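The values are calculated or read from the model by the stated rules, or taken from the named source; none is laboratory data. Please read these numbers as outputs of a predicted model, since none were measured by experiment. Heads up, the Cβs are rebuilt from the backbone with ideal geometry, glycines too, and the neighbour counts pull from every protein chain shown. Just so you know, the surface numbers come from the protein's heavy atoms only, side chains and all, with ligands and any DNA or RNA stripped out. Shrake-Rupley method; radii C 1.70, N 1.55, O 1.52, S 1.80 Å.
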Amino acid sequence: MARSEFTQKTKLEALAKYARCPKCGGQFGKLSEIDFDHELADGLGGDNTVDNCVPLCKACHKLKTNGKKHTTLGSDKHAIAKHKRLVGL
């Protein structure tokens, strides 16, 4: 399944809701320093609506997606892998 992306309009609407990263509270700088994350991962059925779009700083987005250090526990990758195991993909 191809990864889906947010439109520029959706990104700007989501960014209007947040002055800071909702995970760490860091101030947003340049638009190029912001990642737009699917709150419910697209690999788990999350859609591209503004309600599922959350702007995160790059560090928080990486942590949410990949987990920390040597574990993916609690990350999007972990949740997607578990889902695939449960549905037999």
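List of remarks:
- Within the range 34-43, considering residues that are open to solvent by 30 Å² or more (accessible area, probe 1.4 Å) and among the acidic types (Asp, Glu), the one nearest to the chain's Cα centre (by Cα): Glu39
- For the range 44-56, a residue qualifies if it is in a helix (DSSP H, G or I) and open to solvent by 30 Å² or more (accessible area, probe 1.4 Å), and the qualifying residues are Leu44, Val50, Asp51.
- Here Gly29, Gly25, Gly45 are screened, and the one residue that is free of Cβ contacts under 8 Å to residues at least 12 places away in the same chain and within 18 Å of Thr65 (Cβ to Cβ) is Gly45.
- The set of residues from the range 44-61 being more than 23 Å from Val87 (Cβ to Cβ), aliphatic (A, V, I, L, M) and either over 13 Å from the mean Cα position of the chain (by Cα) or modelled with pLDDT under 95 (or both) comprises just one member, Ala59.
- Members of the range 48-89 found to be within 27 Å of Leu31 (Cα to Cα) and aliphatic (A, V, I, L, M), listed by number: Val50, Val54, Leu56, Ala59, Leu63
- Test: residue in the range 57-69 that is of a type in the set (A, V, I, L, M) and open to solvent by less than 60 Å² (accessible area, probe 1.4 Å): no
- The residues of the range 34-43 that are modelled with pLDDT under 95 and either part of a helix (DSSP H, G or I) or over 23 Å from Ala81 (Cβ atoms) (or both), listed by number, are Asp42, Gly43.
- For the range 19-33, the set of residues classified as open to solvent by 60 Å² or more (accessible area, probe 1.4 Å) and part of a loop (DSSP other than H, G, I, E, B) consists of Ala19, Pro22, Lys23, Cys24, Lys30, listed by residue number.
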